[in-house]
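In what follows, a single structure is set out as C-alpha cells and then discussed.
Values in this text are rule-based calculations from the coordinates and carry no lab data. For clarity, every value in this text was computed on a predicted model and none was experimentally measured. So basically every Cβ, Gly included, is an ideal-geometry build from the backbone, and we count neighbours across all protein chains shown.
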C-alpha cells in the first residue's frame, strides 16, 4: 500500500512540474558526478549515522530536466556492537530545476527509484562468527537541492528522504532514512554553442502588374491604356488615347466686323504665351471664328484675319512659327453659342488655340 502511494506521489510531481517547462538554450553535455553524504538512519535499524559515497552519470535532457544513473555505498556500524549493515544502491534519479537560461544558481526537486542491496550482520546465538542476512529490495527517494553551474563543473547540495522496502526483514519492512550530501559534477566534451538563428528571409519582390507599367510614358498605366503606342508628348485622355485640346482664349473676342485685338484681349493672350513657353513640346493650330451676321464668304475672310492677328501676337512674343499651324479661319461654321442673341454672337466672334499633339 505504501509503495502504491509513493508511486502516485511521484507521478503527481512529474505532471505538475512538466506543465512549467520552458524551452531555452541549455548545456546538454553528459557529466560524471561524485557525492559525499551524511546518512541519518531510521532508529528501527539500530544503526549509527555514517558517511556514504556515490558515483553518477547523467545529463540534462530538457532545459529544466536532468536524469542521473547513481551508485551509492555506505557501511554503517550497528549501535552497541561491532556488527555492520553494508548497503549498495543503484538507481535512477530525475530532477526538475527551477531555472532560466541565464541562471547560475537554482533550486530543484529530486525523485528517484532503484534497488538496494544489503548485507546485515547479526549475532550467532550458537557461538562463532556473525551471520549475514542478504537481500535486494526496492528503494525510493525524494529530495530538495540547490545547484550552482559553471563552465566545466556544477555543484549540488541536496537533502533527501529515502524509503527502503526491506521485505526480508521479519521485524520491519520499511525504513525511512534521511541524508544530506554534496555532489560535484564534471561535464564531458566541448561546451555546446548556442545556435545563431538564421536571418529572416528577404521580403518577396513586389509583383509587377500592368497597373505598375506605362510603356508609352503618357501617364496612363498599361491596364487602362487603350492606345498603348501613343507618340511622346501627345495629349491623351483617361483611356490613353489622343484627345483634342484647346487652350482657352475665352475673352479674346472681337468687335463687330473687326479683326484687331482689343486691349482686354492682350492680358489673356499673354497667359497663353506663358503656357506655350512652359510646355515647349506643344504645337497648336491658330483658328478664327465669326458669328453668322453677313455673307458666308465675307465671314470666312474675317475669321482668317482674326486668326492672323492672334498668330502675329504669338510670334512677336517669342513663340516659334514652327510650333504654330495656320492661321486658319472657319467663318461662321463652328459656333459655340446661339447667334440669335447679342451675347451669343459676341462669344462666337473668337479665336482658339487647338493643341495638335
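Tell me, what is the Rg over Rh of region 65-118, with Rh the Kirkwood radius over Cα pairs? Could you put the intermediate results ahead of the total?
Numbers: Rg = 16.5 Å, Rh = 13.6 Å.
Ratio of gyration radius to Kirkwood radius for region 65-118: 1.21.
Of 300, 147, 37, which has the largest mean-square fluctuation in a 10 Å C-alpha GNM of the chain?
Result: 300 has the largest fluctuation of those listed.
Most mobile of 119, 281, 193 per a Gaussian network model of the chain (Cα springs, under 10 Å)?
Largest GNM mean-square fluctuation: 281.
Grab the Cα-Cα distance for residue 79 and residue 32, subtract it from 0.36 nm times how many residues apart they are, and report the gain in nm with one decimal.
Working: separation 47, 0.36 × 47 = 16.92 nm, distance 3.45 nm.
Answer, rounded to one decimal: 13.5 nm.
Could you work out how much longer the chain between residue 232 and residue 333 gets when fully extended? Use 0.36 nm per residue separation minus the Cα distance between them, nm to one decimal. It would help to have the intermediate numbers written out before the result.
Details: separation 101, 0.36 × 101 = 36.36 nm, distance 3.23 nm.
This chain segment gains 33.1 nm when fully extended.
To the nearest 10 degrees, how steep is helix 263-278 against the longest Cα principal axis of the chain, on a 0 to 90 scale?
Tilt relative to the chain: about 40 degrees.
Kirkwood hydrodynamic radius of region 19-105 from all distinct Cα pairs, in Å? All intermediate terms of the calculation are to be shown ahead of the outcome.
On the way: mean 1/r = 0.0652 Å⁻¹.
Final number for the Kirkwood radius of region 19-105 is 15.3 Å.
Could you give the length gained on full extension between residue 305 and residue 69, defined as 0.36 nm per residue of separation minus the Cα-Cα distance, in nm? Don't skip to the answer; put the middle values down first.
Details: separation 236, 0.36 × 236 = 84.96 nm, distance 11.60 nm.
Result for the pair: 73.4 nm of gain on full extension.
With springs connecting C-alpha atoms under 10 Å apart, model the chain as a Gaussian network and identify which of 108, 298, 26 has the largest mean-square fluctuation.
298
Scaled to the compact-protein estimate 2.2 N^0.38 Å, what is the alpha-carbon radius of gyration of region 244-355, rounded to two decimal places?
Values: Rg = 13.3 Å, N = 112, 2.2 N^0.38 = 13.2 Å.
Computed over Cα atoms of region 244-355, the ratio equals 1.00.
For region 155-240, what is the Kirkwood estimate of the hydrodynamic radius, computed as the reciprocal of the mean inverse distance between distinct Cα atoms, to one decimal in Å?
On the way: mean 1/r = 0.0455 Å⁻¹.
So the Kirkwood estimate lands at 22.0 Å.
Using 7 Å Cα-to-Cβ label points, what is the residue 224/residue 173 separation (nm, one decimal)?
Each label point is offset 7 Å from its Cα along the Cβ direction, giving 9.3 nm.
Can you give the translational diffusion coefficient of region 73-153 in µm²/s, computed by Stokes-Einstein from the Kirkwood radius over Cα pairs at 4 °C and 1.567 mPa s? Mind dumping the intermediate values first?
Details: Rh = 15.8 Å.
Estimated diffusion coefficient is 82 µm²/s.
Taking the beta-carbon count within 10 Å as an exposure proxy, list 134, 285, 205 from fewest neighbours to most.
Details: 134 10, 285 17, 205 6.
The most exposed by this proxy come first: 205, 134, 285.
Based on the Cβ-Cβ distance of residue 23 and residue 159, what FRET efficiency does E = 1/(1 + (r/R0)^6) give at R0 = 41 Å, to the nearest 0.05? Numbers along the way, then the final one.
Working: r = 30 Å, r/R0 = 0.73.
Computed FRET efficiency for residue 23 and residue 159 comes out at 0.85.
Taking other Cβ within 10 Å of each residue's Cβ, how do 187, 207, 59, 141 sort, fewest first? Display every interim value, and only then the final one.
Details: 187 19, 207 6, 59 16, 141 23.
In order of increasing Cβ crowding within 10 Å: 207, 59, 187, 141.
Using the scaling law 2.2 N^0.38 Å as the reference, what is the normalised Cα Rg of the chain?
Taking the Cα Rg and dividing by 2.2 N^0.38 Å, one obtains 2.63.
If you find the alpha carbon centre of region 146-206 and of region 85-142, how far apart are they in angstrom?
17 Å
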